[in-house]
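First the structure, in the form of structure tokens, and then the observations on it.
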Amino acid sequence: MAPEILIDKSGLLEIRRRVEREERLTAEDGLALYATHDIAALGELADFANRRMNGLRVGYNVNRHINYSNLCKLSCMFCAYAKKRGDEGGYEFSMDEILERAREAYEAGADELHIVGGLHPDYPYAYYPEMLRAIKSRYPELHLKGFTAVEIDYFAELAGKSHEAVLEELVEAGLGSLPGGGAEILTDRVWKKLYRDKMGPDKWIDVHRRAHSIGVKSNATMLHGHIERDDEKVTHMLRIRELQDETHGFMTFIPLRFHPENTNIAQLGIVHGVSSVREIAVSRLLLDNMPHIKTYWIMTSLEVSQICLTMGADDMDGTVVEEKITHMAGATTPENVSEADLRRVIEGAGRIPYRRDTVYNEIPYPAPARTPRPVASAI
Ligand code: SF4
């Protein structure tokens, strides 16, 4: 007989009936999903909801991350990435180093560059549109997904301009979409405890609203596994759901597993596989208007991500190639996975892989080889 703790008494059956009728779940339902110990039933229900939206298809992209500098004016409690000038481990890529990475990505057949960094203490605002222009003029095939809402807010402060004006200038320089970082947990309590000097929840929502209003699509993340409570994760998701109802500008939701090593809250330790699976499943069920739920294998491992594909996720990021933010916080996953391996992981979960671009258009597989271009100096 199954142990008592595994038998669902939390209302999961009633929630299942409502999911089957395509009724929207409430905050109370979200809490019940977090409370259940029946991970198999939760995952099966999320898989049902996912397959109704996406069938058996799982998207992935061929991309490269460029974390251009980890010098940052701020010191968020959960961040192991940021350094001050002169600190061991601090770095900034020159424009030539950025362009070299872009060239490598282009020649490797990538469709996207994912560009994020710290709030650099010295770069003027003009540096950022120049960076985009320099890349885009040489490699127009690459979609530039760049700068979290936090960076956009910082650029607006540097430029003395509105978020919207900055976004419009960056789009003109080559920006294609916004990543979803910097959301952390969208409640004032977590904001004030962990990252009070960084933009708060209302501003994060507003930057994405502005982006969507000018036609820039974006993603949304949630950093879990630190001091947040279940009700705060539910609040976080419902705030995103509310904005999505208004704008339909989000493409995918990405739970991010907190990595504590080298942070100021390292004593919290790390959450394990079941937590990663639960966040995927709960988000698939609560975010009924989000087209995709992504498992970020850099933070969870390929093995756990593969399980997530059977419990609510229909999207995987990506080939990545070089990643610093999570690895400086102790991640032991590789930084790079081949397209063939990604497809094998997806097929191993019983799903059908499809290669996609950043905005979820399907790309034929295998993609044609690219002709190398000369090394492109910024000068
Ligand atoms: S989370 Fe971002 S803003 Fe905060 S310290 Fe790290 S790099 Fe800087």
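No lab work stands behind these numbers, since they all come straight from the coordinates. A quick note: this is a predicted structure, and the numbers were derived from the prediction, not measured. Note that each Cβ is placed from the backbone with ideal geometry, even for glycine, and that neighbours are counted across all protein chains shown.
Remarks
- Cysteines in the chain lacking a second Cys C-beta under 4.7 Å: CYS72, CYS308
- Shown is the FRET efficiency for ASP87 and ALA159, computed with R0 = 22 Å from the Cβ-Cβ distance and rounded to the nearest 0.05: 0.25.
- For region 80-232, diffusion coefficient by Stokes-Einstein and Kirkwood Rh (Cα), 4 °C, 1.567 mPa s, µm²/s: 78 µm²/s
- Antiparallel content of DSSP bridges confined to the chain, in %, to 5: 10 percent
- Shown here for region 175-232: trypsin sites (Lys or Arg not before Pro) in loop regions (DSSP other than H, G, I, E, B) with at most 16 other Cβ atoms within 10 Å, namely ARG196, ARG229.
- Calculated mean residue ellipticity, 222 nm, the chain: -12500 deg cm²/dmol, from DSSP H runs (n ≥ 4) at -39500 (n - 2.57) each, averaged per residue and rounded to 500.
- Within region 54-95: backbone nitrogen closer than 17 Å to the ILE352 label point (7 Å, Cα to C-beta): 54-60
- The phi-based Karplus calculation (6.51 cos²θ - 1.76 cosθ + 1.60; θ = phi - 60°) puts the 3J(HN,Hα) values of region 186-198 at 7, 9, 5, 4, 5, 3, 5, 7, 10, 8, 5, 7, 8 Hz, whole numbers, x for Gly and Pro.
- The chain: relative contact order as a whole-number percent, Cα under 8 Å and 6+ apart: 24 percent
- The order of TRP191, TRP297, going from fewest to most other C-beta atoms within 10 Å of their C-beta, is TRP191, TRP297.
- A simple spin-label model places the labels of GLU20 and ASP96 6.6 nm from each other, with each point 7 Å out along Cα-to-Cβ.
- P(r) tail for the chain: Cα pairs beyond 28 Å make up 43% of the total.
- With a simple spin-label model that places each label point 7 Å from the Cα along the Cα-to-Cβ direction, the separation between ARG52 and GLU130 comes to 5.2 nm.
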